[in-house]
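Presented below is the structure to which this report refers.
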Amino acid sequence: MADLFSMKNRVVLLTGASRGLGRDMALTLAAAGATVLCAGRTVKELESTARAIARKGGKAQVVPIDITDEAQVREQVEAVVRRHRRIDVLVNNAGIIYREAIVDTPTDTFRKAIETDLTGQFVMAREVGRHMLARKYGRIVNISSVMAILGRASVAGYVAAKHGLVGLTKNLAAEFGPHVTANAIAPGYIRTELNVPLQQNAAFNAMLEQRTAAHRWGKPEDLRGPLLLLSSDAGAYMTGHTLVVDGGLTTILA
Ligand SMILES: NC(=O)c1ccc[n+]([C@@H]2O[C@H](COP(=O)([O-])OP(=O)(O)OC[C@H]3O[C@@H](n4cnc5c(N)ncnc54)[C@H](OP(=O)(O)O)[C@@H]3O)[C@@H](O)[C@H]2O)c1
């Protein structure tokens with residue numbers, strides 16, 4: 001049964017691999033046998049992820065990409081395909097957040113969130129997808145959020161982009177079948193640099209523990225199973241789906 005989730009001989013391009021959820025995802029996919037191409041802007045941190053993978057006997061390479069730089073995305077995807085001959089899996093994990101009331105938010109700030117959390121994923125999926133379609137194989141996994149289901153004050157750009165990413169995932173599924181699947185994961189709250197202000201907020205912590213059936217924050221390792229399902233052949237008949245991994249946050253009324 002372990003073979004069902006095997007990533008052996010798979011080449012994975014993973015954005016946001018430098019820290020947080022992406023770093024754990026990179027280690028998970030490498031441990032399952034994949035060669036992980038660690039993408040992001042901060043090369044030093046990406047190298048640290050790649051070294052951690054190598055220390056465990058896995059295969060990794062650093063690919064500097066700013067997903068908001070279209071020319072760079074195109075260039076790097078072409079370079080990866082030249083070097084590795086293929087990209088089997090794209091994990092669109094990179095993301096940012098800003099926290100500001102709508103009435104105080106400059107348009108450029110909102111635009112930046114959409115650029116990084118939605119347009120960048122579109123460009124990555126288009127450039128990698130073209131190549132997957134030609135090869136007749138591919139898995140695209142977009143990392144959305146429970147903020148694709150709920151709204152929340154002060155994070156309008158993030159909420160709008162994450163809702164959009166669920167829609168984009170459905171459209172990728174519609175256009176990229178039958179050999180390329182596209183799915184999303186919508187994680188609940190998982191401690192990373194992205195949500196330090198919430199981790200430090202006692203009222204938020206109490207609310208989260210009470211509202212989740214799991215009574216706790218998520219951990220990066222909570223995403224390992226869902227990620228492998230959607231990245232491997234185990235999820236071959238799933239496409240256009242958003243898998244919510246939130247300890248019950250959006251399914252129970254507590
Ligand atoms: N943590 C949570 O509770 C949670 C919940 C739901 C969804 N998510 C989603 O999960 C993903 C990862 O979040 P995280 O919590 O791990 O955040 P994080 O610790 O802040 O990491 C974000 C990653 O995205 C990369 N990144 C940001 N802008 C980029 C750009 N323009 N080009 C390339 N890479 C870029 C960052 O690397 P560089 O800055 O070096 O480029 C970093 O590796 C995000 O999409 C986030 O929205 C997180």
From (1) touching a Ser or Thr at 6+ places or on another chain (Cβ under 6 Å); (2) open to solvent by 60 Å² or more (accessible area, probe 1.4 Å); (3) outside any loop (DSSP other than H, G, I, E, B), pick out the condition that doesn't hold for residue 207. (1)
Checking residue 90 against (1) over 22 Å from residue 159 (Cα atoms); (2) part of a loop (DSSP other than H, G, I, E, B), which test does it fail? (2)
In the stretch 111-145, which residue that is of a type in the set (Asp, Glu) and near the ligand (Cβ under 10 Å from one of its atoms) is most open to solvent (accessible area, probe 1.4 Å)? 115
Looking at the stretch 77-110 only, could you name the residues that are of a type in the set (Ser, Thr, Tyr) and within 15 Å of the ligand (Cβ to nearest atom)? 98, 109
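Taking the options 160, 174, name whichever one is open to solvent by 30 Å² or more (accessible area, probe 1.4 Å), among the aliphatic types (A, V, I, L, M) and out of contact with any helix residue (DSSP H, G or I) (no Cβ under 9 Å at 6 or more places or on another chain).
174
Could you identify the single residue in 123, 103, 128 that is in a helix (DSSP H, G or I) and free of Cβ contacts under 8 Å to residues at least 24 places away in the same chain?
Residue meeting the stated conditions: 103.
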Within the stretch 67-110, how many residues turn out to be open to solvent by less than 70 Å² (accessible area, probe 1.4 Å) and not small (Gly, Ala, Ser)? 25
Name the residues in the stretch 184-204 that are surrounded by 14 or more Cβ atoms within 10 Å (Cβ to Cβ) and near the ligand (Cβ under 9 Å from one of its atoms), would you? 185, 186, 187, 188, 189, 190, 191, 192, 194, 195, 198
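The values are calculated or read from the model by the stated rules, or taken from the named source; none is laboratory data. A quick note: this is a predicted structure, and the numbers were derived from the prediction, not measured. Reconstructed Cβ throughout: ideal geometry from the backbone, glycine too, with neighbour counts over all protein chains shown. Remember, those area values only see protein heavy atoms, side chains included, never the ligands or the DNA or RNA. Shrake-Rupley method; radii C 1.70, N 1.55, O 1.52, S 1.80 Å.
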